[in-house]
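The values are calculated or read from the model by the stated rules, or taken from the named source; none is laboratory data. Because the structure is predicted, anything quoted here is derived from the model rather than measured. We place every Cβ from the backbone using ideal geometry, glycine too, and count neighbours over all the protein chains shown. Keep in mind that these areas ignore ligands, DNA and RNA; they rest on the heavy atoms of the full protein, side chains included. Shrake-Rupley method; radii C 1.70, N 1.55, O 1.52, S 1.80 Å.
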Amino acid sequence: RKESSAASDVYKRQALVNIANECTQHGDECIDHCIELFKSGDTTVAKCAETVNEMIVMCHALAKMGTYQSEQLVAVAKICIDVCQVCADECGKHSKHPQCKACEESCLECIEECKKIV
């Protein structure tokens, strides 16, 4: 029984690392899109860029800590839930842009994975 629990923990941690990395990738794509809009004078996504930037930092930390089984993983996951929710809420306002929609969706998935370990 203990082995299956340990295997389950490894699986949960790997799923968390995977979605955190996906979040950072989609976040980078969203930021790149925001920069292109800024160049054309469109600043309607400025708040989106700010929240995505914060999410990228947190999800990068989450993935790193998950990879090496940090004792602080649960604490970071708790914070990541809040940061990803703010990001998803903001990106959701711009979901007509595929980059924002993908970022929003990966943040919502990350929240669900975080909740599994918190």
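Number of residues in region 55-71 that are open to solvent by 20 Å² or more (accessible area, probe 1.4 Å) and either part of a helix (DSSP H, G or I) or modelled with pLDDT of 95 or more (or both) equals 8. Scanning region 66-114 for residues that are basic (Lys, Arg) and in contact with a His (Cβ under 9 Å, 6 or more places away or on another chain) returns a single hit, Lys101. Filtered by the rule that a residue be surrounded by fewer than 17 Cβ atoms within 10 Å (Cβ to Cβ), within 17 Å of Ser95 (Cβ to Cβ) and of a type in the set (Val, Ile, Thr), region 35-54 gives a lone residue, Thr44.
Remark: pairs (first residue in region 97-114, open to solvent by less than 30 Å² (accessible area, probe 1.4 Å); second residue of a type outside the set (Lys, Arg) and not in a helix (DSSP H, G or I); Cβ separation under 6 Å; 6+ apart in sequence or on different chains) = Cys100/His94. Screening Val74 against (1) surrounded by 21 or more Cβ atoms within 10 Å (Cβ to Cβ); (2) more than 24 Å from Ile35 (Cα to Cα) leaves a single unmet condition, (1). Pairing residues of region 72-85 that are over 23 Å from Cys30 (Cα atoms) with residues that are at pLDDT below 95 and aromatic (Phe, Trp, Tyr), at Cβ distances under 8 Å and at least 6 apart in sequence or on separate chains, gives no pairs at all.
Among the criteria (1) part of a loop (DSSP other than H, G, I, E, B); (2) over 15 Å from His26 (Cα atoms); (3) open to solvent by less than 40 Å² (accessible area, probe 1.4 Å), the one His94 does not fulfil is (2).
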